[in-house]
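Below: the structure, in structure tokens.
The values are calculated or read from the model by the stated rules, or taken from the named source; none is laboratory data. In this text, all values refer to a predicted model and were calculated from it rather than measured experimentally. Don't worry about glycine lacking a Cβ; one is built from the backbone with ideal geometry, like all the others, and counts go over all protein chains shown.
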Amino acid sequence: MIVVENVSKSFGGKKLFEDVNTSFGPGKRFGLTGPNGAGKSTFMKILIGDLDPDSGRVLRPKRLGILRQDHSLFDHMRVIDVVIAGNPRLWQAMQRKEELLLKSEHNDDEGMELGELECVVAEEDGYAAESDAAVLLDGLGIVQSSHERPLSELKGGFKLRVLLAQALFGRPQALLLDEPTNHLDLESIEWLEDFLLSYDGVLVVISHDRHFLNSVCTHISDIDYETIIQYTGNYDDMVRAKAQVRGQVESGNAKKMEKIKQLQDFIQRFAAGTRSTQAASRKKELDRLRPDEIKRSNIQRPFIKFEFDKPGGRDVLEVHKLACGHNGERLFGGLHLSVSRGDKVAIIGRNGVGKTTLIETLLGTTPPIAGNIKWGHEVDTGYFPQEHEGVIPPGHKIFDWMFEQKPIAGKEGVRSVLGRMLFSGEDGDKPTATLSGGERVRALLSRLMLLRHNTLLLDEPTNHMDLEAISSLRDGIQSFPGTCIFVTHDRDLIETVANKIVAVEEGKIDVYPGGWSEYRRAKQKA
Ligand SMILES: Nc1ncnc2c1ncn2[C@@H]1O[C@H](COP(=O)(O)OP(=O)(O)OP(=O)(O)O)[C@@H](O)[C@H]1O
Ligand SMILES: [Mg+2]
């Protein structure tokens with residue numbers, strides 16, 4: 001059981017939540033929801049103990065399994081060690097023991113310490129750690145040959161799986177997962193759903209994936225109106241209940257406002273005349289009638305709109321017999337693709353098939369194994385990478401960072417783009433280091449909007465985004481007069497936006513110039 005007592009947290013002048021009292025019991029599955037920047041990750045850091053609240057306290061079990069939103073923390077470590085580090089007590093003891101054993105001699109204190117460390121390692125099942133970790137990794141589809149490699153060499157969905165294995169290592173009593181479905185393909189999300197459904201500890205999971213929340217959660221803790229409210233049921237149930245409560249308060253207020261108006265009219269007409277006593281008593285009634293304060297909801301929609309200055313030629317990209325891979329190892333070959341101005345091309349496929357490699361090859365940052373790539377006349381590409389931790393350097397205000405990208409756009413130009421992306425006024429002063437996951441995505445998209453490219457390459461842009469932002473992105477790509485090539489696992493985005501589909505499968509790649517309907521027909525036939 002995790003118990004939260006009187007917890008409050010603000011940053012600067014902004015209150016995220018105040019006086020939260022709630023608990024998370026075992027056997028139930030809690031979704032922690034709220035729009036980008038609501039404070040979900042902050043609250044989870046408080047639950048974990050990574051961050052202190054301004055006031056209040058949290059009682060938590062000893063063994064926590066944690067997946068943080070920041071995936072770069074363990075980059076330098078070997079994959080297998082990343083998993084073992086999921087049990088910090090064991091991992092620290094193993095590290096210290098190794099350090100001591102490197103010395104040729106030990107004094108008394110060190111000898112004692114070694115004995116104690118030995119006990120910890122034994123208590124925590126340290127001798128089985130490597131094999132336990134390997135079993136988890138195998139189960140998650142991480143092949144043996146990757147176990148010794150540094151985590152940084154694994155990308156997207158595979159890196160996430162290793163971090164999930166870390167969270168699951170050592171049989172935690174509580175699992176706290178911050179956006180576990182980002183980067184995962186549909187099959188892996190289903191696997192995760194099944195796993196979580198059978199987990200019997202305390203589960204708190206942050207996600208913007210409605211489908212995932214609906215299939216996993218028995219309860220929702222929603223951050224809004226500067227507090228956290230717990231609802232029974234899944235995500236859709238919460239949305240309904242929330243709308244109903246708000247509707248009741250609003251209609252109650254409407255009735256009160258009408259009454260107030262009547263009383264005010266009466267008082268105004270009769271305050272000085274023969275009915276002044278009645279007017280005075282109405283005045284008292286009026287003073288008692290205060291509408292319930294409705295705090296503004298934190299749900300907001302950004303306005304994503306891409307435009308360009310020069311359209312570029314009609315033929316945007318011509319790809320002939322392209323084979324892609326790394327270090328001579330081929331992922332797929334034989335790609336023929338023509339992209340015309342205005343095309344919206346979705347690149348789809350499971351984790352690890354080579355979608356990012358294809359984008360990087362098109363951009364020229366990864367050399368092709370074979371074949372030709374020809375970009376058309378005056379094509380100007382803007383790129384949104386899949387891994388964007390570290391892309392926006394820390395130590396700036398977001399406004400200044402944006403302004404540096406294109407001073408010629410002028411302060412007003414920058415302000416207007418930032419405003420549309422929900423960084424208006426003071427939010428432009430936000431330090432780049434403290435942006436939430438979704439805020440960082442909004443900032444990177446703001447940059448693309450400001451730079452006005454005629455061709456966009458977006459690698460899984462919906463990761464970290466809340467539902468409002470995703471639908472705004474969908475509208476933004478759809479109405480973009482330029483060309484967009486995007487990688488995504490988001491079915492809705494593929495179906496509604498793409499007029500061409502590039503489907504990457506193990507070793508082969510197919511193009512469906514008719515978009516989703518053609519792709520589906522072909523799959524049904526197969
Ligand atoms: N150390 C900090 N100093 C100042 N502001 C911060 C700090 N950490 C977070 N914030 C701000 O607090 C707010 C909440 O951030 P948090 O990361 O908890 O959001 P979130 O709900 O997890 O959002 P997302 O869905 O985008 O991941 C954001 O506006 C963020 O900019
Ligand atoms: Mg977050």
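Observations, loosely collected:
- Filtered residue count, region 226-247, keeping only those that are touching a residue at least 60 places away in the same chain (Cβ under 8 Å) and touching a helix residue (DSSP H, G or I) at 6+ places or on another chain (Cβ under 6 Å): 2
- Residue within region 432-446 that is away from ligand 2 (no atom under 16 Å from the Cβ) and touching a residue at least 60 places away in the same chain (Cβ under 8 Å) present: yes
- For Asp194: the one exception among (1) more than 25 Å from Met44 (Cα to Cα); (2) without any contact (Cβ under 8 Å) to a residue 40 or more places away in the chain: (1)
- Residue that is farthest from Leu163 (Cα to Cα), among those in region 43-68 that are surrounded by fewer than 20 Cβ atoms within 10 Å (Cβ to Cβ), touching a residue at least 60 places away in the same chain (Cβ under 8 Å) and of a type outside the set (Lys, Arg): Pro61
- Of all the listed residues (Glu148, Glu105), the sole one being acidic (Asp, Glu), closer than 30 Å to Gln386 by Cα and not in a helix (DSSP H, G or I) is Glu148.
- Of the residues making up region 168-208, those that are of a type in the set (A, V, I, L, M, F, W, C) and either more than 23 Å from Glu460 (Cβ to Cβ) or within 16 Å of ligand 2 (Cβ to nearest atom) (or both) are Leu168, Phe169, Ala174, Leu175, Leu176, Leu177, Leu197, Val202, Leu203, Val204, Val205, Ile206.
- Region 55-102, subset assigned to a loop (DSSP other than H, G, I, E, B) and within 16 Å of ligand 1 (Cβ to nearest atom), residue farthest from Met1 (Cα to Cα): Ser72
- Consider region 184-206 and keep the residues that are outside any helix (DSSP H, G or I) and buried (at least 22 other Cβ atoms within 10 Å of the Cβ). The one that is modelled with the lowest pLDDT is Leu184.
To keep it simple, each residue is scored yes or no on (1) farther than 30 Å from Gly413 by Cβ; (2) in the same structural domain as Arg474 (by TED's automatic domain parsing); (3) outside any loop (DSSP other than H, G, I, E, B); (4) at pLDDT 95 or above.
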{"site": "Ala280", "(1), (2), (3), (4)": "yes, no, yes, no"}
{"site": "Glu285", "(1), (2), (3), (4)": "yes, no, yes, no"}
{"site": "Asn298", "(1), (2), (3), (4)": "no, no, no, no"}
{"site": "Lys305", "(1), (2), (3), (4)": "no, no, no, yes"}
{"site": "His336", "(1), (2), (3), (4)": "yes, yes, yes, yes"}
{"site": "Ile347", "(1), (2), (3), (4)": "yes, yes, yes, yes"}
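- Enumeration of residues in region 166-183 that are within 17 Å of Pro26 (Cα to Cα), outside any loop (DSSP other than H, G, I, E, B) and more than 16 Å from ligand 1 (Cβ to nearest atom): Ala167, Leu168, Ala174, Leu175
- Take the conditions (1) surrounded by 12 or more Cβ atoms within 10 Å (Cβ to Cβ); (2) assigned to a helix (DSSP H, G or I); Ala128 misses just one of them, which is (1).
- Residues of region 23-32 that turn out to be surrounded by 17 or more Cβ atoms within 10 Å (Cβ to Cβ) and either more than 9 Å from ligand 1 (Cβ to nearest atom) or assigned to a loop (DSSP other than H, G, I, E, B) (or both), as a count: 4
- Against the list (1) in contact with a helix residue (DSSP H, G or I) (Cβ under 8 Å, 6 or more places away or on another chain); (2) farther than 28 Å from His71 by Cα; (3) part of a loop (DSSP other than H, G, I, E, B), the condition Lys411 fails is (3).
- Verdict on Leu140 being out of contact with any Ser or Thr (no Cβ under 6 Å at 6 or more places or on another chain) and at pLDDT 95 or above: no
- Options Thr462, Thr434; residue that is within 13 Å of ligand 1 (Cβ to nearest atom), polar (S, T, N, Q) and surrounded by fewer than 16 Cβ atoms within 10 Å (Cβ to Cβ): Thr434
- Qualifying residue in region 471-485 (condition: touching a Pro at 6+ places or on another chain (Cβ under 9 Å), assigned to a helix (DSSP H, G or I) and within 9 Å of ligand 1 (Cβ to nearest atom)): no
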